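The values are calculated or read from the model by the stated rules, or taken from the named source; none is laboratory data. Keep in mind that what you see is a predicted model, and the values were worked out from it rather than measured. Cβ placement follows ideal geometry from the backbone for every residue including glycine, while neighbour counts extend to all protein chains displayed.
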Amino acid sequence: MHVADLLFGMAVRGPRFFSDGWGDRALCHETDLAELACRPPPRLDVELGPPRPAHGGILREGCFVSPERCLPDCASNARFRLLLPERQATGVAIHMAASGDQGFGIRLRFAAPLLERGIGALVLEHPFYGARRPPDQHRHALRSVSDLHLMGRAAFLEARGLLRWLSDELRVPRLGVTGYSMGGQFAAMVGASWPGPLAVVPVAPTCSPDSVLRRGILRHVAHWRALAGATGDQEAARAELLRHLARFTVTALPPPRWPRAAIVVGTRADGVVPPAEMEKIARHWSAELRWLEAGHVTAVVLHLSAMRQAIADAFERLAYAPVRRPQGRVPARAAALGR
C-alpha cells in the first residue's frame with residue numbers, strides 16, 4: 001500500500017455513508033444488474049446548448065430527463081458537458097464520475113489533452129451529486145443503501161442512453177467509456193453491456209463495490225450503527241451489506257463485445273481498491289491490464305498521461321473492430337461534431 005493512501009485513509013473524516021440505514025429495502029433487493037444490462041439502451045430527448053470555446057475545444061452543455069423513474073425530483077434532470085475538438089471528432093468517450101467528483105471541471109481538464117488526438121469527452125453529472133444532490137445530503141455521503149442503488153441504476157442507464165444518442169444523433173464514428181475508481185466500475189459495467197464495439201478503459205476500478213468496504217482503507221466510512229438498526233448487531237449488518245453488494249460485480253456480465261479495445265488500468269499499490277479487483281476484471285475479459293506503479297491518490301497526481309494514453313490506444317484499436325452503422329439520413333444535429 002502506498003503511504004499516501006494510508007495517510008488519506010487516516011485523514012478522511014466527516015459524515016458517514018448510509019446514516020439513514022438501508023432506506024427502501026424493496027428497491028435494493030429488486031435491483032437486478034443482468035436485467036438492466038439486457039434492456040435496450042434508452043432513447044433520450046437531449047437538449048443541447050450553444051457551442052462556446054473552452055479547454056482548447058468546443059464545449060456544449062446538455063440536459064435530459066433521466067430514464068430512471070424512481071429518482072427523487074431533485075435528481076431526475078440529468079446534466080452533462082460535451083467537449084469536442086475544433087476539427088472533426090474521431091471519437092467521444094463518456095467519463096464517469098469517481099466517488100465525490102460532483103462537478104465537471106476535473107474530468108474536463110483530464111480529457112482536454114485528448115482533443116489533439118480527435119477524441120472528445122462527454123462528462124455526466126451523476127445523480128445525487130452536484131445540482132442533482134438532495135438538500136439533506138451532506139457532500140457526497142449518500143444517506144441510504146437504496147440511494148446508492150438509485151445512483152448506480154440511473155448512472156448506468158443514462159450512460160447507455162448517451163452512447164445511443166452519440167451514435168444515432170451525432171453519428172460519432174467511435175465511442176468509448178472510462179472512469180476512475182467508482183467511475184471505473186461504472187465504466188466497466190456500461191462497456192460490458194453495450195451491444196457493439198466500444199473503447200472501455202476502467203482506471204483503478206473495483207470489480208464489486210463490497211471490496212472497498214471489506215478490505216480497503218475506507219472500510220470505516222459506512223454508518224454501521226445505522227445499518228444495524230434496532231438489532232444493534234453491527235457485525236451482522238456489515239456481513240449483510242457486504243454480501244448484498246457483492247452481487248453487483250463486473251463478472252456478472254459478459255466481456256465487452258470487442259475485448260481488444262478494452263484496457264484495464266490498475267494501480268499496483270492501491271490502498272483504497274484492492275489491486276486483485278482490477279486483475280479480476282482483466283482476467284474475466286481476457287483484456288490487457290496495464291499497471292501504474294502508484295496508489296489510489298498518487299495515480300491521479302503523477303500518472304494522468306498514462307491514463308490518457310490507454311484511452312487513446314483503446315480508441316485506436318476500434319479501427320479493427322467490426323462496425324455496424326445506423327442506416328438512413330444523418331440528423332441535422334450531427335453538424336455539432338467538429339464545430
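With more than 21 Å from Ala282 (Cβ to Cβ) and either within 23 Å of the chain's Cα centre (by Cα) or of a type outside the set (Ser, Thr, Tyr) (or both) as the only criterion, which of Ala226, Ala252 stands out?
The unique qualifying residue is Ala226.
Given the options Arg160, Arg164, name the one that is surrounded by fewer than 22 Cβ atoms within 10 Å (Cβ to Cβ), part of a helix (DSSP H, G or I) and touching a residue at least 12 places away in the same chain (Cβ under 8 Å).
From the options Arg160, Arg164, the qualifying one is Arg164.
Select from region 1-30 the residues that are in a loop (DSSP other than H, G, I, E, B) and among the basic types (Lys, Arg) and write down the one among them that is modelled with the highest pLDDT.
Residues of region 1-30 that are in a loop (DSSP other than H, G, I, E, B), as a first pass: 1-2, 12-16, 18-24.
Applying the additional criterion that residues be among the basic types (Lys, Arg) yields 13, 16.
Values: Arg13: 54, Arg16: 83.
Only one residue tops the list, namely Arg16.
I need a count of the residues in region 41-69 that are surrounded by fewer than 14 Cβ atoms within 10 Å (Cβ to Cβ) and either at pLDDT below 95 or of a type in the set (Lys, Arg) (or both).
Qualifying residue count, region 41-69: 3.
Matching residues to (1) buried (at least 19 other Cβ atoms within 10 Å of the Cβ); (2) at pLDDT 95 or above; (3) not polar (S, T, N, Q):
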| site | (1), (2), (3) |
| --- | --- |
| Gln234 | no, no, no |
| Pro256 | yes, yes, yes |
| Ala262 | yes, yes, yes |
| Val272 | yes, no, yes |
| Lys280 | yes, yes, yes |
| Arg283 | no, yes, yes |
| Trp291 | no, yes, yes |
| Gly295 | yes, no, yes |
| Val301 | no, no, yes |
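Which condition does Leu59 not pass, out of (1) assigned to a strand (DSSP E or B); (2) closer than 14 Å to Leu170 by Cβ, if it passes all the others?
It fails just one condition, (2).
Scan region 118-126 and give yes if some residue there is surrounded by fewer than 22 Cβ atoms within 10 Å (Cβ to Cβ) and either closer than 30 Å to Ala228 by Cβ or at pLDDT below 95 (or both), otherwise no.
Within region 118-126, none of the residues are surrounded by fewer than 22 Cβ atoms within 10 Å (Cβ to Cβ) and either closer than 30 Å to Ala228 by Cβ or at pLDDT below 95 (or both).
Hey, Gln185 hits all of (1) assigned to a helix (DSSP H, G or I); (2) among the polar types (S, T, N, Q); (3) in contact with an Asp or Glu (Cβ under 6 Å, 6 or more places away or on another chain) but one; which does it fall short on?
Checking Gln185 against (1) assigned to a helix (DSSP H, G or I); (2) among the polar types (S, T, N, Q); (3) in contact with an Asp or Glu (Cβ under 6 Å, 6 or more places away or on another chain), the one that fails is (3).
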